[in-house]
């Protein structure tokens, strides 16, 4: 039998740089309440959201991704040509193939980096960080660009009381590369397909198009969500997953600096913090109040705000936990670059 | 076996922790939504905490039937058998 050669990477991986892109349109609650017959007070009480960012037509998935990535590369002190792989977590790139990652890798100026998209909904970014860390350690890439990007407004029914005020747009990116010390802890991840229907695209594209005998709806298959069961699952099951990520990394909750959960709903963030008994010194990401829920983009965007406002410093220990449609989830402890 | 009053008192403590309602106000005839201002999301939190505290299961479909504190106490008593 012919022996196949093997490679190994560096012993450890870490986040080397963080970037973000927030769309230019700031949309206060006042601008969404009419279509859903609601009020500013109800939205804030129900979700903690005061305003959200919505993309303009020019702020495409690719455009926002490239902007966030350039910032992440600059902060990491790297050139695009040093990136070996581009991973894009998204559910709102509406051209099904090819993956938007290939166009982003090209526009950034990588040297034909490997590039593909990840479909893990709101949990996508933490899946990407886990894959990137493993690639760097295994030697299949030296520097991996992980992007979370969404234009959820394209797939949101603005008349749906359950989702219209929640979903938003934006992009975040991180560069993962080799390091002397472990900067990305073991991932705790999984899925619960029994709850496949709780958050989903309303219908299959074939049902939108239909057939000659049975015409389709012809309407964009928007996201639909069952709020209360999702709240229950996210607030309690995900608090347990977050604790497991701490345990697997050997980090005590007392040594944690930052808690950066997926920015789904402020009520979920508060319930998780209570359920986990987070000590008061742990600073909690609350980007959702100004940004809305940006699915795969929410964690890097939230960390970026903490960075900008002085709540996160280089070297801080942060717990990331992401969860969403699938239901899919992933969590890990990381060192802030 | 816990008495009805013990269950009510423990439930009152949970409602206080989750929604900041004064535990003394959590009386049997009070409506969670109308009297205590506990909305549906807070109610989910109350139910999960009650499940842990009392060792019972309260399915999502059942939660909407628990309109008053008395409804919840009675459900917990029955579920505890």
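The table for this structure:
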| read-out | value |
| --- | --- |
| Two-site FRET efficiency, residue B:35 against residue A:205, from Cβ-Cβ distance with R₀ of 60 Å, rounded to 0.05 | 0.80 |
| Exposure proxy order (Cβ contacts within 10 Å, fewest to most) of A:205, A:54 | A:205, A:54 |
| Sequence of A:8, A:2, A:156 once ranked by neighbouring C-beta atoms within 10 Å, starting from the fewest | A:2, A:8, A:156 |
| Size of the protein assembly as shown as Cα extents on the principal axes (Å, biggest first) | 71, 57, 52 |
| Residue-averaged [θ]222 nm for chain A, counting only DSSP H segments that reach four residues, each worth -39500 (n - 2.57) | -8500 deg cm²/dmol |
| Region A:180-337: antiparallel DSSP beta bridges as a percent of all, rounded to 5 | 75 percent |
| Translational D in µm²/s for region B:4-80 (Stokes-Einstein at 25 °C, 0.890 mPa s, Kirkwood Rh from C-alpha pairs) | 206 µm²/s |
| Sequence of A:329, A:307 once ranked by neighbouring C-beta atoms within 10 Å, starting from the fewest | A:307, A:329 |
| Per-residue mean of C-beta atoms belonging to partner chains within 10 Å, peptide B:38-49 | 5 |
| Per-residue average of Cβ from other chains inside 10 Å of A:224-233 | 3 |
| Bridge type composition, chain A - antiparallel percent by DSSP, nearest 5 | 70 percent |
| Distance from region B:11-56 to region A:233-251 (C-alpha centre basis), Å | 25 Å |
| Label point distance in nm, residue A:138-residue B:65, each placed 7 Å from Cα along Cα→Cβ | 5.0 nm |
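Read-outs: derived from the displayed coordinates by stated rules, not from any lab. These numbers come from a predicted model, not from an experiment. Cβ: placed from backbone, ideal geometry, glycine included. Neighbour counts: every protein chain shown.
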